[in-house]
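Report on the structure given below.
The values are calculated or read from the model by the stated rules, or taken from the named source; none is laboratory data. Since we're looking at a predicted model, the values are computed, not measured. Note that we place each Cβ from the backbone using ideal geometry, even for glycine, and neighbour counts take in every protein chain shown. What goes into the accessible areas is simple: the full protein's heavy atoms, side chains included, and nothing from ligands, DNA or RNA. Shrake-Rupley method; radii C 1.70, N 1.55, O 1.52, S 1.80 Å.
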Amino acid sequence: MRVLAILLAGLALAASASAASKSEPRRPVEISYLGNAGWQVTDRRVVILVDPYLSEFRHNAPTEQMTEDDPLVEPDPPSIDAHIGRADYILITHGHEDHMLDAPYISKKTGAVIICTESAANIARASGVGEVFDPQHVDLKRISRQPLIVVRGGEDFQFANFSLEVIPSLHSALFDKRYNDGFWAASTPPGLTAPLRESDYKEGGTLMYLLRIAGHRILIMGSMNYIERNIAGLRPDIAIVGAGTDRNQLYRYTERLMRALGKPSVVFPTHWDDYGTKPRADALEQVGTFVAEVHAAAPKTRVIVPAYFIPTTLP
Ligand SMILES: [Zn+2]
């Protein structure tokens, strides 16, 4: 009986997977820029956030990047509440503060499931998201209701209204390519409790996502780096691409990326606003150099630099 149930469940899964693999009729998606590497993607059925960092907009935000290890790194609820009502899933590209700080607060507020690495999940657990199970008394029903899905890269998951491929990637080559020689590149261990220090928000590995939703294929990056062989042939129609200055550490960053992706119809630059610490005009001038690179590499690609929180609807 148990074998039959498993077989039937397997058949049902196979049927839903084959239905999902047929190309879904295209419907509009709305894409909104939330600052830094943060985005909201919705087809009006499901709301998916990426690296939300609304705390960038906190009142009295620092005007330059901090170099101290601030022990009171906490999300800013007024900035988050002003823009985030509903969320179903939160995709995290890596664990640094400017990608992971707001996710636990948003998950607790909305019930959104955070999809992230084990290291970033340890940050979420430190803020009370997800249970830490006693190995002596594991409750399987509770595990499947956890607001955390821990991924490693390589997964290709089917959800009710979308599917999600998780793609192993690399962090930006900060500090003139010496980034990996520092605590930032390590992993956050289990067992911490909030408030965390800035140095607790370790990278813990970097991921990209290919989100298939409403007949669209949306490639999502959260930093200025990629593994070309992992993205070649993905053919997204929309790509959210790291556009900060650290891209210049890479060999022909924009050209190789556009070619590998098959020159997507639409590109949104991400992670270019310097947390609002630079004058806006300077940030816009810098992102303009990225826009020019895309135009040179993929003349038919439309590059959209959206204003904060104003949705772009793509049919
Ligand atoms: Zn980072």
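Per-residue ellipticity at 222 nm from helix content only, as computed over the chain with -39500 (n - 2.57) for each DSSP H run of at least four residues, stands at -7500 deg cm²/dmol.
Here the simple spin-label model places points 7 Å from the Cα toward Cβ, and for Lys108 and Val150 these points are separated by 2.1 nm.
Taking a straight Cα-Cα cut-off under 26 Å and skipping sequence neighbours fewer than 8 places away in the same chain, the lysines within cross-link reach of Lys177 are Lys202, Lys278.
Based on DSSP, what percent of beta bridges with both residues in the chain are antiparallel, to the nearest 5? Please list the in-between numbers first.
Values: 29 of 49 bridges.
Antiparallel: roughly 60 percent of the beta bridges in the chain.
Accessible area per residue for the chain, computed on protein heavy atoms with a 1.4 Å probe, is 49 Å².
Relative to the globular-protein estimate of 2.2 N^0.38 Å, the Cα radius of gyration of the range 79-135 stands at 1.09. For the range 123-183, trypsin sites (Lys or Arg not before Pro) are listed when DSSP marks them as loop and at most 10 other Cβ atoms sit within 10 Å of their Cβ; the list is Arg145, Arg178. Backbone N atoms of the range 154-179 closer than 14 Å to the 7 Å Cα→Cβ label point of Arg229 belong to residues 168-169.
Geometric descriptor of the chain, per residue, is 143 Å³ (volume of the convex hull of the Cα atoms). 3J(HN,Hα) along the range 169-181: 9, 9, 7, 3, 7, 5, 6, 6, 6, 9, 3, 5, 8 Hz, from the Karplus curve 6.51 cos²θ - 1.76 cosθ + 1.60 with θ = phi - 60°, whole Hz, x for Gly and Pro. For the residues Arg252, Arg86, Arg229, a GNM of the chain with alpha-carbon springs under 10 Å puts the largest fluctuation on Arg229. Note on Tyr179: accessible area approximately 10 square angstrom, rounded to 10, probe 1.4 Å, nucleic acids and ligands left out. Packing around the peptides 157-167, 213-223, taken as the average count of other Cβ atoms within 10 Å per residue, puts them in this order, highest first: 213-223, 157-167. At 1.002 mPa s and 20 °C, plugging the Kirkwood radius over alpha-carbon pairs of the range 125-249 into Stokes-Einstein gives what diffusion coefficient in µm²/s? So the translational diffusion coefficient is about 126 µm²/s.
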